[in-house]
1. Search the range 100-113 for residues that are assigned to a helix (DSSP H, G or I) and pair each with any residue that is of a type in the set (Gly, Ala, Ser) and at pLDDT below 95 when their beta-carbon atoms are under 6 Å apart and the residues are at least 6 apart or on different chains.
2. Run Val201 past the list (1) among the aliphatic types (A, V, I, L, M); (2) within 15 Å of Cys14 (Cα to Cα); (3) in contact (Cβ under 8 Å) with a residue 40 or more places away in the chain and report the number of the one that doesn't hold.
3. Among what's in the range 16-30 and is in contact with a Leu (Cβ under 7 Å, 6 or more places away or on another chain) and buried (at least 23 other Cβ atoms within 10 Å of the Cβ), pick the residue that is nearest to Trp55 (Cα to Cα).
4. (1) farther than 25 Å from Glu132 by Cα; (2) touching a residue at least 60 places away in the same chain (Cβ under 8 Å); (3) of a type outside the set (A, V, I, L, M); (4) in a loop (DSSP other than H, G, I, E, B): which one isn't true of Asn48, the others all being true?
5. Would you mind finding the one in Arg161, Arg105 that is under 22 Å from Thr75 (Cα atoms), basic (Lys, Arg) and at pLDDT 95 or above?
6. Would you say Lys209 is surrounded by fewer than 18 Cβ atoms within 10 Å (Cβ to Cβ) and either within 20 Å of Phe137 (Cβ to Cβ) or more than 18 Å from the chain's Cα centre (by Cα) (or both)?
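The values are calculated or read from the model by the stated rules, or taken from the named source; none is laboratory data. Since the model is a prediction, treat every value here as computed from it, not as a measurement. As a convention, Cβ positions derive from the backbone with ideal geometry for all residues, glycine included, and neighbour counts pool all protein chains shown.
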Amino acid sequence: MKKAISVLSGGLDCTVATSVFDKDYEIYAITFNYGQKAFKQEARASKNICEKMNWKHEVIDLPWLSKISSSSLNTQEEIPEVKEDDLDDFDKSIKTASSVWVPARNTVFTSIALSYAESIGAEIIIVGWNGEEGMTFPDNSKEYLEEFNELISVASPDKIRIEAPCIDLNKEEIVELGVETGAPIDLSYSCYKGESKPCGVCESCMRRKRAFKKLKMKYSD
């Protein structure tokens, strides 16, 4: 069976994205520990998702990334709390994105995933990059996806490509896709703060909560 690497944080987007390819690929999921506040919850969610879906799972530690980062995700800095109205305010969203930005995080993760893909003969790397977050995070954008795939075509001797099925989708559309593909959304975890129960007020929680609200679906935290 064809093989795929999934960059899996245990969150909504990557869980749904990976589920799209579940029937056609043997999934090797990797979860990164870069000192983020939410690591224990992300690792737990990823493990539970992989066990349910029969995906292989591995944790990769990146202690050096936490040492050079000044992000509120992995320092003592407070993670910003937002209101629902703030989510469509570009200036406020840029400010929040700046606070949680980890230096070159997706570039590091995807490069490691490429190395892993080459080593096991995987054909694709699955990521949860999406249209909604691509508005404020450049390493979630469609342009970034296209450029990284171009880089792989030059840099790797293997025919490997990044697949991002949510790249044009907002959160509501991602939830709908998850329902369609049978993704274990209920096992996913999206909170930046890493508490046992999602805080409900960080930007990641708020975007997830708003999606369920707009779809008039029971909220899954």
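1. Partner pairs satisfying both residue conditions: none exist.
2. (2)
3. Per the stated criteria, the residue is Ala29.
4. The one condition Asn48 does not meet is (4).
5. Arg105
6. Details: surrounded by fewer than 18 Cβ atoms within 10 Å (Cβ to Cβ): no; either within 20 Å of Phe137 (Cβ to Cβ) or more than 18 Å from the chain's Cα centre (by Cα) (or both): yes.
So Lys209 fails the test.
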